[in-house]
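Below is one structure, written out as structure tokens; the observations come after it.
Read-outs throughout are calculated quantities, based only on the coordinates presented, and are distinct from any laboratory measurement. Note that the structure is a prediction, hence the values are computed from the model and not measured. With ideal geometry, Cβ positions are generated from the backbone for all residues, glycine too; neighbour counts draw on all protein chains shown.
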Amino acid sequence: MINLTNFLSIFIANWKLNGNIEFINEYYQKLSINSKNCVVVCSPSIFLNRLKSDNNNLFTGAQDVSIYNEGAYTGEISSKMLLDEKIDFCLVGHSERRKLFNEKNETVKKKSFNLIDNTIIPVICIGETLEQKEKNLTKSILVEQLQNSIPENSNFQNTIIAYEPIWAIGTGLTPSLNEINDVHSFIKNIDNKFNNYKILYGGSVKASNSADINSLKNVDGCLVGGASLKVDQFNKIIS
Ligand code: PEP
């Protein structure tokens, strides 16, 4: 398993359902990585094996995994299969999966348990909707999501938490820097167990705001969707 403490910051590109072979070849030719950071590219599963590189700071991540380990589950990919293919990270509980595929905290927990069991680092995504934020429910929602989606075998060395306010994903909106820092500090202090977890921020991170967000005391890196599809933008974000 990757030693997360070796890196100054962690940046994860979530390509979602985008990319093709030509895109990948060009992307990997242009990707430029600062040796202090950990950079993870999460592509659609079919391309994972094409993303290999000998750069010690560049890793590959899946965007989802099955809750099952093996059997009659057509279309699924297990944690063990990801391990076999030397995948180091996997997003779990992204808000798009929670909303569009009805993924619940319990499912996130089970997937994360299996990933950790197979020495793959789950990047567990949590975050509130705009409606919840407006009702001042952000913190209670985060507590509920964390309590129910972090498995027993999780610790700060084998799990990453990504705080992604749902209303900020793909909208160009972000919380203020103070709000981000405050929520990250809140997460780290919900339980002593979380004190040393790496906590990434995600939601409309781009070249023009990433340095400010990433310099916040309680932010350990960023999860980037849309802006990670433009390698020149992503290079600026991770520099
Ligand atoms: C995401 O998909 O996790 C994400 C943060 O998207 P975007 O950067 O486009 O808001």
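Using a 10 angstrom Cβ neighbour count of at most 15 plus a DSSP loop assignment to flag exposed GluC sites (Glu not before Pro), which longest range of the chain is free of such sites? The reported range is 153-239. A simple charge model with +1 on the Cβ of Lys and Arg, -1 on the Cβ of Asp and Glu and nothing else charged puts the dipole of region 84-131 at about 140 debye relative to its Cα centre.
Our helix-only sum for the chain, with -39,500 (n - 2.57) per DSSP H run of n ≥ 4 divided by its residues, gives a mean residue ellipticity at 222 nm of -9000 deg cm²/dmol. So, in Å, what gap is there between the alpha-carbon centers of region 25-61 and region 186-239? Going from one Cα centre to the other spans 17 Å. Close amide H partners of residue 162, meaning residues 5 or more places away or on another chain with modelled amide H under 5 Å apart, are 124, 125, 126, 200. Rounded to 0.05, the FRET efficiency of the residue 5 and residue 147 pair, given R0 = 22 Å and the Cβ-Cβ distance, is 0.30. Computed log10 I(q)/I(0) for the chain at 0.14, 0.17, 0.18 Å⁻¹: -0.85, -1.33, -1.51, from the Debye equation with unit scatterers placed on every C-alpha and solvent omitted.
Is there a pair in 16/133; 36/135; 198/236; 104/236; 110/217 whose C-alpha atoms are over 29 Å apart, and which pairs would that be? Provide the component values of the computation, followed by the final result.
Details: 16/133 25 Å; 36/135 40 Å; 198/236 21 Å; 104/236 34 Å; 110/217 31 Å.
With Cα atoms farther than 29 Å apart: 36/135; 104/236; 110/217.
This model, with +1 at the C-beta of Lys and Arg and -1 at the C-beta of Asp and Glu, gives the chain a dipole about its Cα centre of some 260 debye. Loop-only check: which chymotrypsin sites (Phe, Trp or Tyr not before Pro) in region 1-82 are DSSP coil with at most 15 other Cβ within 10 angstrom? Counting only loop positions with at most 15 other Cβ atoms within 10 Å, the chymotrypsin sites (Phe, Trp or Tyr not before Pro) in region 1-82 are 68, 73. Proximity of backbone amide H atoms, modeled 1.01 Å from N, is registered between residue 121 and 89, 90 at under 5 Å, excluding neighbours fewer than 5 places apart on the same chain. Other residues within the sphere of radius under 13 Å centred on the Cβ of residue 153, judged by their own Cβ, net out at +2 (K and R +1, D and E -1).
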